[in-house]
1. What is the calculated FRET efficiency for residue B:252 to residue A:34, with r their C-beta to C-beta distance and R₀ = 45 Å, to the nearest 0.05?
2. Can you tell me what share of the DSSP beta bridges in the protein assembly as shown is antiparallel? A percent to the nearest 5 is fine.
3. Highest mean first, how do A:122-129, A:156-163, A:50-57 rank when packing is the count of other Cβ atoms within 10 Å averaged over residues?
4. Extent of chain B along each principal axis, from alpha carbon coordinates, in Å, largest to smallest?
5. Just need the relative contact order of chain B here, percent rounded to a whole number, with Cα pairs under 8 Å and 6+ apart.
6. For a bin width of 5 Å, list the pair-distance distribution of region A:6-85 built from all Cα-Cα distances, rounded to whole %.
7. State the antiparallel share, in %, of DSSP beta bridges confined to chain A, rounding to the nearest 5.
8. Could you order peptides A:250-259, A:89-98 by the average number of other Cβ atoms within 10 Å of their residues, highest first?
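Each reported figure results from applying straightforward, stated rules to the coordinates on display, with no laboratory input. What you see is a predicted model; the values in this text were computed from it and never measured. Note that we place each Cβ from the backbone using ideal geometry, even for glycine, and neighbour counts take in every protein chain shown.
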């Protein structure tokens, strides 16, 4: 099955490999990872834990250099350049000593935008992010879902061509999570950005994505690409669509195989580490 | 509370008593107990001396202490000595915090420096800095500078280690995020490292001010011309126990007031922590 099609992509990772030297042994985290993301599409990566998804993210973001392989943006090779990506992790990483308004402008501030102008640009968005009236609150005064929305606002305020989201809703409860998914789709459909989304949750991946890449157990590589042919805009009803259910079944099998392999790799370590 | 719920009524005589007592504000009640506690201790002490079971000459007597305390305050050097000790303490505290914090941050900036200095820091930290007193006094003399230096030596290592340890627990993901945002090392320092470490540093201020006071007073004990330590030591050497107590009580009050000031300062600086 051809994993990469032959047209120009927003982001293309070509035969990315990553090896670490650790405790005398060489660990191969990623081996020949190839994937591409079309402009303005929403692409998810699912895979067993420890398969190197987050490492792949850091490489795509230009934070770390791969052992081999290349990253292309708009068909051009990029080398250790991070201005094209905005990034969000499972932890909201809001600065506890800053009020929400000053938290969301962090990226703009670093980019040299004057504080006053950055604040003005951010203020206009608080309503859409469901944070109206919380501009001058500290992060600890907000719920988990609100903090993630603030973190997402910080990410999207940057206006970078590519948005990387690494399990942004991983720490939320199931109800908040499903609300956040719907809300994220609304924001994304209104903004037209290219998004790469990492998750463990297959339903989340189907609900949000145009395409889903399934990663293998370590050493991580792309095992399959699945197109999600559900119509947009999607809603809670999409979850019971026959196509949704069929996709879920297909993906569950793919991911389960890899999870079992990852589990066997860890072997007795699972219990020794517990 | 405007709810219909009320605590169970206590009946009878006990109820009347507890109701009138609880109507007094809590802080006032606590303060009343404190005054009572002091009154009991000092009257027992006074009574024990009057009755002859302890000696006024070798232990002191509260009424004489009070009289002599007022006397040295009004006609003696007590206020001047207090002022001297306070300036030494704050000079040592301020310079120790600033230099120590700067060194701690420099070790974050240059991890190589940290690797080289690590064993020396551990050694300095586990050695009582008071052991340096003879050297410091010989080099810097018996005046202000040697007390400042001792006070500084007590504080600087604590601040240094606190800040350095603080920089080690800065959230790695936060630093990764900053790098993804293309932040410079200086931006990572000013926006992440410094604000992360600051509360930890500030929370050691109360310990550090105590250490600074110890440095100053011990220095004055060993060799000085003024200061509360000098006052206590001098009074002790001529068996004026009542004056020794006056000096000790002054020192206690001073250190308590200093603690309160630092505590206020800390709360003001860390206001974002509370809701």
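1. Details: r = 73 Å, r/R0 = 1.63.
Step by step, r from the Cβ atoms, then E = 0.05.
2. Working: 22 of 41 bridges.
Taking every DSSP beta bridge within the protein assembly as shown, about 55 percent pair in antiparallel fashion.
3. Descending packing order for the listed peptides: A:50-57, A:156-163, A:122-129.
4. 75, 72, 29
5. Values: 267 pairs, mean separation 67.9, N = 275.
The value is 25 percent.
6. Percent of pairs per bin, in order: 3, 14, 26, 25, 18, 8, 3, 2, 0.
7. Antiparallel bridges: around 55 percent, rounded to the nearest 5.
8. Values: A:250-259: 16.5, A:89-98: 18.8.
Output ranking for A:250-259, A:89-98: A:89-98, A:250-259.
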